[in-house]
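Chemist: Have a look at the structure that comes next, please.
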């Protein structure tokens, strides 16, 4: 049997919640290396055929550069939303560490809209786009060959409690949930994550404590009516998330 002395870390999402920031910070640690190339993201466990190729193929494809790194980091933000991904990851990797980064879902929705607009995928204004997703009408069509998940799930994607349980139940002892707001406010949050992953937290490089991969252009301003509607929509999911994690949310 092939030995795999390095441990795997899956940075699974959520999209537009600071995963690029966290991935870059972890990659800068001397004992951690990010999958190469970092773009496009590996997304191996969103694909049954790729996942079935197994551990050795996964390492050879994405971590041939790893050298003596102790932790091999796969940042694929589509993993969080794929209900099949946890089982595929467990079958291939055993018990990897799983890192989830979350943020205020209203701010996440705005960032998602800016990202989709920047990439030419979205032409509607922010209020029209968010209301369309909120009202659960006919879904905006999208090309799975271009993006692995819908670029228009602005509101749906912020119901984190719909996606977290499958990861937490599959990897109950190795799932780490962080909040972007706390990461940016307190350097000890990142240092604590590094220690929890099993490498020396003292070697954590100092980070900029500001967003990475931020969308271009001015930030859209929501009307008070829509903001209130979104906050009401997210309230039950936020309460369930707080119960699931056993902690107060920072938004």
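Chemist: When the residues of region 68-93 are narrowed to those that are closer than 30 Å to residue 200 by Cβ and free of Cβ contacts under 8 Å to residues at least 60 places away in the same chain, which ends up surrounded by the most Cβ atoms within 10 Å (Cβ to Cβ)?
Modeler: 92
Chemist: Further question: Would you mind telling me which numbered condition in (1) within 24 Å of residue 92 (Cβ to Cβ); (2) surrounded by fewer than 16 Cβ atoms within 10 Å (Cβ to Cβ); (3) at pLDDT below 95 residue 148 fails?
Modeler: Here residue 148 meets the rest and fails (2).
Chemist: What pairs come up if the first residue lies in region 109-134 and is farther than 13 Å from residue 155 by Cα, the second is exposed (fewer than 15 other Cβ atoms within 10 Å of the Cβ), and their beta carbons are under 6 Å apart, counting only those six or more places apart or on different chains?
Modeler: Close Cβ pairs satisfying both conditions: 118/216.
Chemist: Answer yes or no: is there a residue in region 11-31 that is over 28 Å from residue 156 (Cβ atoms), in a strand (DSSP E or B) and in contact (Cβ under 8 Å) with a residue 60 or more places away in the chain.
Modeler: Looking for residues that are over 28 Å from residue 156 (Cβ atoms), in a strand (DSSP E or B) and in contact (Cβ under 8 Å) with a residue 60 or more places away in the chain, one finds none in region 11-31, hence no.
Chemist: Here's something else I'd like to know. Give me the pairs: first residue in region 160-176 and on the phi > 0 side of the Ramachandran plot and without any contact (Cβ under 8 Å) to a residue 60 or more places away in the chain, second residue surrounded by 20 or more Cβ atoms within 10 Å (Cβ to Cβ) and part of a loop (DSSP other than H, G, I, E, B), beta-carbon distance under 6 Å, and six or more apart or on different chains, which are they?
Modeler: Matching pairs, first to second residue: none at all.
Chemist: Separate question: Would you tally the residues in region 177-189 being more than 17 Å from residue 204 (Cα to Cα) and in a strand (DSSP E or B)?
Modeler: Summing the residues that are more than 17 Å from residue 204 (Cα to Cα) and in a strand (DSSP E or B) in region 177-189 gives 2.
Chemist: Tell me which residues, restricted to region 130-145, are surrounded by 15 or more Cβ atoms within 10 Å (Cβ to Cβ) and closer than 25 Å to residue 100 by Cβ.
Modeler: 130, 133, 134, 142
Chemist: With (1) in contact (Cβ under 8 Å) with a residue 12 or more places away in the chain; (2) surrounded by fewer than 14 Cβ atoms within 10 Å (Cβ to Cβ); (3) in contact with a helix residue (DSSP H, G or I) (Cβ under 9 Å, 6 or more places away or on another chain) as the list, and residue 37 as the residue in question, which single condition is left unmet?
Modeler: So residue 37 meets the others, but not (1).
Chemist: Could you list, in sequence order, all residues of region 195-243 that are surrounded by 13 or more Cβ atoms within 10 Å (Cβ to Cβ), within 21 Å of residue 115 (Cβ to Cβ) and modelled with pLDDT of 75 or more?
Modeler: 220, 222, 226, 227, 230, 233, 234
Chemist: Does residue 186 count as exposed (fewer than 15 other Cβ atoms within 10 Å of the Cβ), within 22 Å of residue 24 (Cα to Cα), out of contact with any helix residue (DSSP H, G or I) (no Cβ under 8 Å at 6 or more places or on another chain) and free of Cβ contacts under 8 Å to residues at least 12 places away in the same chain?
Modeler: Yes: the conditions hold for residue 186.
Chemist: Need at least 1 residues that are within 17 Å of the chain's Cα centre (by Cα) and more than 29 Å from residue 247 (Cβ to Cβ) per element, so show me which helices (runs of 4 or more DSSP H) inside region 45-123 make the cut, counting only ones lying wholly within it.
Modeler: Answer list for region 45-123: 105-118.
The values are calculated or read from the model by the stated rules, or taken from the named source; none is laboratory data. All values reported here derive from a predicted model rather than from experimental measurement. No Cβ is skipped: glycine too gets one built from the backbone with ideal geometry, and neighbour counts run over all protein chains shown.
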